[in-house]
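Asks: Okay, handing you the structure first.
The values are calculated or read from the model by the stated rules, or taken from the named source; none is laboratory data. Just so you know, these numbers come straight off a predicted model, no measurement behind them. For neighbour counting, all protein chains shown are included, and Cβ atoms are generated from backbone atoms with ideal geometry for every residue, glycine included.
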Amino acid sequence: MLSTTEIDRLAAMANAVRPDWPIRSLRTGIATNHRARAYQDVAVAMAWIATDPATRTPGRLDEAGPWWDAAQAGSSGQEHGRSDPRSPRCQVVGHGSYPVRNCGACRFESLDPSDPTPEPGPSRYAEAAARGAQACREAIGAGRRAAARTDERKG
Ligand SMILES: [Zn+2]
């Protein structure tokens with residue numbers, strides 16, 4: 001949800017890039033059609049269309065297009081309500097916060113609970129520690145034997 005200050009700043013940003021777009025109409029367009037979006041998403045999408053030579057008017061922001069994909073690129077904010085509200089959501093009950101094309105809840109639920117991958121547990125840690133300690137003892141012993149042989153040759 002954009003605040004009035006954020007709307008003013010986005011309008012000013014677009015006007016700075018495209019001085020032929022009046023701030024007043026930018027402000028109205030953003031407030032009317034994009035108020036529910038995240039500040040960062042609108043800023044990215046607005047910068048995208050404003051710098052695209054193919055864009056004639058800021059009304060292009062109201063259309064679906066790569067500028068809204070750009071707004072989501074690299075954003076892990078989907079779980080935090082920062083994504084494009086028009087992006088289709090997973091229809092499974094309880095998955096509504098995930099996008100349909102990449103639902104983390106569906107992926108989790110598809111995992112086989114009988115997966116034999118062992119959990120690292122205390123017994124495995126103890127076993128690993130014992131192997132590590134044995135390897136250290138062997139290395140120390142080998143070092144001592146090598147040192148003793150060197151001393152024999154010297155002596
Ligand atoms: Zn799902």
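Asks: Which residue out of Cys136, Cys106 is at pLDDT below 90 and either hydroxyl-bearing (Ser, Thr, Tyr) or in a helix (DSSP H, G or I) (or both)? Break it down stepwise before answering.
Replies: On the way: Cys136 fails: at pLDDT below 90.
Only one candidate qualifies: Cys106.
Asks: Is it true that some residue in region 25-34 is in contact (Cβ under 8 Å) with a residue 24 or more places away in the chain and among the basic types (Lys, Arg)? Full working, then the answer.
Replies: Kept after step one, since they are in contact (Cβ under 8 Å) with a residue 24 or more places away in the chain, are these residues of region 25-34: 25-26, 29-31, 33-34.
Now narrow it down to the ones that are among the basic types (Lys, Arg): none.
No: region 25-34 contains no residue that is in contact (Cβ under 8 Å) with a residue 24 or more places away in the chain and among the basic types (Lys, Arg).
Asks: Shifting gears a bit: Give me a count of the residues in region 25-37 that are within 21 Å of Ser87 (Cβ to Cβ), of a type in the set (Val, Ile, Thr) and surrounded by 11 or more Cβ atoms within 10 Å (Cβ to Cβ).
Replies: Selection size over region 25-37: 1.
Asks: May I pose another question? Go through (1) at pLDDT 85 or above; (2) surrounded by 13 or more Cβ atoms within 10 Å (Cβ to Cβ); (3) of a type outside the set (Asp, Glu) and name the single condition Ala64 misses.
Replies: (2)
Asks: What are the residues in region 10-24 that are of a type outside the set (A, V, I, L, M), exposed (fewer than 15 other Cβ atoms within 10 Å of the Cβ) and part of a helix (DSSP H, G or I), if any? I'd like the intermediate steps shown before the answer.
Replies: Going residue by residue through region 10-24, those that are of a type outside the set (A, V, I, L, M) are 15, 18-22, 24.
From the residues that got through so far, the ones that are exposed (fewer than 15 other Cβ atoms within 10 Å of the Cβ) too are 19-20, 22, 24.
Once the filter is applied, which keeps residues that are of a type outside the set (A, V, I, L, M), exposed (fewer than 15 other Cβ atoms within 10 Å of the Cβ) and part of a helix (DSSP H, G or I), region 10-24 yields only Arg24.
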